[in-house]
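A quick write-up on the structure given underneath.
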Amino acid sequence: MYLPPKVHSEIAALNKIRYLDIDFSQVHVYVYRETRDGKKAMARPCPACRKYIQQLGIKKIHYTTDCGFAHEVIE
């Protein structure tokens with residue numbers, strides 16, 4: 001059985017639009033994750049996803065945490 005390679009949701013979503021005429025410096029990335037019982041869960045992008053986001057020129061990331069929401073600015 002062939003299983004295609006899997007990528008994180010951030011990369012999968014950004015790959016679909018990376019060649020469009022978009023000013024990525026104005027883009028905000030939102031990542032939402034919840035547990036099976038409906039509680040928010042940590043969804044901070046991993047180092048590889050953060051690097052890809054940064055390479056595109058995106059500076060703002062918003063994501064869920066175990067306690068709510070967080071946001072970061074990438075320089």
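Structure above, values below:
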| quantity | calculated |
| --- | --- |
| Charge dipole (debye, nearest 20) of the chain; +1 at Cβ of Lys and Arg, -1 at Cβ of Asp and Glu | 200 |
| Listed candidates (i) 112; (ii) 62; (iii) 83 - label of the one calculated as volume of the Cα convex hull per residue in Å³ | (i) |
| Residues whose placed amide H lies under 5 Å from that of residue 74, excluding near-sequence neighbours | 60, 61 |
| Radius 13 Å from Cβ of residue 70, net charge of other residues (Lys, Arg +1; Asp, Glu -1) | +2 |
| Region 22-30 - phi-based ³J(HN,Hα) in whole Hz, Karplus 6.51/-1.76/1.60, Gly and Pro as x | 10, 7, 5, 5, 9, 8, 10, 9, 10 |
| Calculated FRET value between residue 27 and residue 1, using beta carbons and R₀ = 35 Å, to 0.05 | 0.45 |
| Gain in span if fully extended, residue 54 to residue 16, counting 0.36 nm per residue against the direct Cα distance | 12.0 nm |
| Highest average packing first - 65-74, 48-57, Cβ atoms within 10 Å | 48-57, 65-74 |
| For region 50-61, Karplus couplings with θ = phi - 60° (6.51, -1.76, 1.60), whole Hz, Gly/Pro x | 4, 5, 4, 4, 5, 4, 6, x, 6, 10, 10, 10 |
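Every read-out reported here was derived from the displayed coordinates using simple, explicitly stated rules and does not represent laboratory data. A quick note: this is a predicted structure, and the numbers were derived from the prediction, not measured. Don't worry about glycine lacking a Cβ; one is built from the backbone with ideal geometry, like all the others, and counts go over all protein chains shown.
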